[in-house]
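Scroll down for the structure; my scribbles are underneath it.
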Amino acid sequence: MSAIWHPFTQHGLGEPIPLVERAEGATLHTADGRRVIDGISSWWVTTHGHNHPRIMAAIRDQTERLDQVIFAGWTHQPAETVAQGLRALMPPELTRVFFSDSGSTCVEVALKMALGFHAHTGTRRSNIIVMEHSYHGDTIGTMSVGERGVFNAAYAPMLFDVDTIPFPIADGDNTLSALTALCRDTHPAALIVEPLVLGAGGMLFYSADILRQMADICRAHDVLFIADEVMTGWGRTGTLLACEQAGVVPDILCLAKGLTGGSMPLAVTMASEAIYAAHLSTDRTKTFFHSSSFTANPIACAAAAANIAIWQDEPVRARIAALAARQAAMAERLGTLPGAANPRACGTIAAIDVIAPDGGYLSRLGPRLLAHFRQADVLLRPLGNTIYVLPPYCLDETDHARIEAVIGNALAD
Ligand SMILES: Cc1ncc(COP(=O)(O)O)c(C=O)c1O
């Protein structure tokens, strides 16, 4: 029996845990000889496909030169190349790149930057505004700014207080008026949002227009706007960044998952010059006090540099557009089947809800759906009664049709 304690896994249910030996494109190969279609990009990380030859070659090449070096006061070429590449690809207003190693850590960094900005500029604002149903990670800070519920109920005593705006309904007036009131009355430090799509909260979508209006309200009240594009970035919603669709440039941008094409753990928090300038001083107490041992690991940075090069010189956007069209058509077809509700698609993300007496993450349908998909050799991991498909951009039509058929069978069941 394995000694491993797996994440988000209730071992008491005794569910089988397949052993994956290798992968390519949208396919995983297990030790017992099964070929499994990865319908969720291995937790939303794999963008171009597993074991992408250019990314793997860059990793191999880097292992010949430099494995790891302290990043406090030292640098290396792969990190410099990533920073230059990000400056070329991302909005020009985001002039500074701070490395970390996961989606959670780049959000923690964003929150610390926001509070650091307000501490060092003397405004001393510290409240954070968050959106209902958000998910930003599983560290203490990121749980604090996420939806309070089953994921973190046991740890509630450790979490700090935040102000919550409701998830937008219709034209978003409920959200916008709550945000305006909080900005006006409480002088918060920052708003943090998942732009356009709330992922772990149930693949909930809201419009670019609402996103733009939220950013405008923050700007008008000197409230920093933090975009957590850990899930939505790198093309997931159809554009490189989801914020792009709203014409919004955040003050602070969080990127992880697809930063290395999903091959290595690496993250960045990009900040405007004003945020950086607030920390820039001969006064050492204003240093940005954040680090982890493997900050900007050279091998992970080499993978990120290769990912950025792929974005710069391959037709990634065209691949995304083609997949997005197929995803939208699939959602529409699935939505017509008995038992399905609320079909939706945003870029390369498609989702439906399964009508169930008990909705939400702990819906009893969840484990049944999971077992159905596992048996059918398709990696899908429903969020309770919400089935979503979020594949690598290289998923071909045959495998896409297979995913649709397997979901159709689940609904028929
Ligand atoms: C929007 C968002 N932010 C942050 C995170 C946390 O990322 P990680 O799991 O790499 O810590 C996730 C993970 O799914 C996410 O979806």
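Values quoted throughout were computed directly from the atomic coordinates according to the rules given, and no laboratory measurement underlies them. Quick caveat: nothing in here was measured; it's all calculated off a predicted structure. Note: ideal-geometry Cβ built from the backbone for every residue, glycine included; neighbour counts use all protein chains shown.
Ordered by the count of other Cβ atoms within 10 Å of each Cβ, fewest first, Thr260, Thr164 give Thr164, Thr260. Remark on Leu379: its backbone amide H falls under 5 Å from those of Ile37, Asp38, Gly39, a criterion applied only to residues 5 or more positions apart or on other chains, H modelled at 1.01 Å from N. Is it possible to state the helix-based mean residue ellipticity at 222 nm for the chain, with each DSSP H run of 4+ residues giving -39500 (n - 2.57), the sum divided by total residues, to the nearest 500 deg cm²/dmol? What is it? Taken over the chain, the calculation gives -11000 deg cm²/dmol.
Across segment 126-132, rounded Karplus estimates of 3J(HN,Hα) from the backbone phi angles (6.51 cos²θ - 1.76 cosθ + 1.60, θ = phi - 60°) give 9, 5, 10, 9, 10, 9, 3 Hz, Gly and Pro being marked x. In this simple spin-label model, placing a label point 7 Å from the Cα along the Cα-to-Cβ direction at both Ser293 and Thr336 gives a separation of 5.6 nm. Taken over segment 355-413, the percentage of Cα pairs per 10 Å bin, counting from 0 up to the bin with the maximum distance, is 23, 53, 21, 2.
Placing +1 on the Cβ of every Lys and Arg and -1 on the Cβ of every Asp and Glu, with no other charges, gives segment 54-313 a dipole of roughly 500 debye about its Cα centre.
Listed values for segment 207-212 are Karplus-derived 3J(HN,Hα) couplings in whole Hz (6.51 cos²θ - 1.76 cosθ + 1.60, θ = phi - 60°), namely 7, 4, 5, 5, 4, 4, and x replaces Gly and Pro.
Electrostatic bookkeeping for Ala23 treats Lys and Arg as +1 and Asp and Glu as -1; over the other residues with beta carbon under 14 Å from its beta carbon, the sum is -2. Which residues does a label at Thr63 reach in segment 287-326, if reach means a backbone N under 16 Å from a point 7 Å past the Cα toward the Cβ? Within reach of a label on Thr63, which here means backbone N under 16 Å from a point 7 Å along Cα→Cβ, segment 287-326 contributes 298-304. Sorted ascending by nearby beta carbons within 10 Å, beginning with the fewest, Phe294, Phe373 become Phe294, Phe373. Histogrammed with a bin width of 10 Å, the alpha carbon distances of segment 316-360 distribute as 30, 42, 21, 6, 0 percent, first bin at zero. Charging the Cβ of each Asp and Glu at -1 and of each Lys and Arg at +1, and nothing else, the dipole of segment 1-127 about its Cα centre rounds to 440 debye.
Residues whose amide H lies under 5 Å from that of Gly238, counting only those 5 or more places away or on a different chain, are Thr348; hydrogens are built 1.01 Å from N in the peptide plane.
For segment 1-133, the convex hull drawn through the C-alpha positions has a volume of 228 cubic angstrom per residue.
Amide H contacts of Phe167 (H built 1.01 Å from N, in plane; Pro and chain starts excluded): Glu132 sit under 5 Å, all sequence-distant by 5 or more or on other chains. Could you tell me which of rounded, prolate or oblate describes the chain, using a ≥ b ≥ c as the square roots of the eigenvalues of the alpha-carbon gyration tensor, with rounded for a/c under 1.5 and, failing that, prolate when a/b is larger than b/c and oblate otherwise? Oblate is the answer for the chain, as a/c is 1.5 or above yet b/c matches or exceeds a/b.
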